[in-house]
């Protein structure tokens, strides 16, 4: 009798090349539901692949971090405002193009969102207060006509 543990169920659809494919999808901003759809599997299967195949899990994490960092920087730029140069083509007798500097003022909504997530203790909408106090109550048994049990 063999002591090897046999896999039960149908064979996995996972292939090693899925690591690179999933990484590309994550860099394009795909989330787990969309990645599972791409591979034609359930989201639960995708989570199982992450558990059973560390290289798959690592490729997803690294690529998602890349996309998240890009969004974070874009949000930061919107929150504080930024400048950029743009080449504008204008009709003129000389057929000239000119470069202009465009200033984007800060976006208050982006700034608030940033602060609520980065400094929640100062910026969250709901502030939690600790109003606990120690209260000591002494009961005068005789005043209420209660006999004190001395046992």
Worksheet entry | Subset of segment 101-120 (residues that are part of a strand (DSSP E or B) and loosely packed, with under 10 Cβ neighbours inside 10 Å) | 101, 103
Worksheet, complete the sentence: Out of (1) more than 30 Å from residue 106 (Cα to Cα); (2) part of a helix (DSSP H, G or I); (3) at pLDDT below 95, the one residue 73 does not meet is (1)
Worksheet item: Just checking, which of 56, 30 is in a loop (DSSP other than H, G, I, E, B) and at negative phi?
Response: 30
Worksheet entry | Failed condition for residue 127, given (1) farther than 30 Å from residue 75 by Cβ; (2) at pLDDT below 75; (3) surrounded by fewer than 10 Cβ atoms within 10 Å (Cβ to Cβ) | (1)
Item to complete: Kindly establish whether residue 20 is under 19 Å from the mean Cα position of the chain (by Cα) and modelled with pLDDT of 95 or more.
Response: no
Worksheet, complete the sentence: Here the residues within segment 77-86 that are touching a strand residue (DSSP E or B) at 6+ places or on another chain (Cβ under 9 Å) and either touching a residue at least 24 places away in the same chain (Cβ under 8 Å) or part of a helix (DSSP H, G or I) (or both) are 77, 78, 81
Worksheet item: Name the residues in segment 67-99 that are within 25 Å of residue 23 (Cβ to Cβ) and surrounded by 13 or more Cβ atoms within 10 Å (Cβ to Cβ), would you?
Response: 67, 72, 75, 76
Fill in: Residue under evaluation residue 62, criteria (1) without any contact (Cβ under 8 Å) to a residue 12 or more places away in the chain; (2) closer than 30 Å to residue 113 by Cα; (3) assigned to a helix (DSSP H, G or I), criterion not met
(1)
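The values are calculated or read from the model by the stated rules, or taken from the named source; none is laboratory data. Computed from a predicted model, the values in this text were never measured in an experiment. Cβ atoms come from the backbone with ideal geometry, glycine included; neighbour counts cover every protein chain shown.
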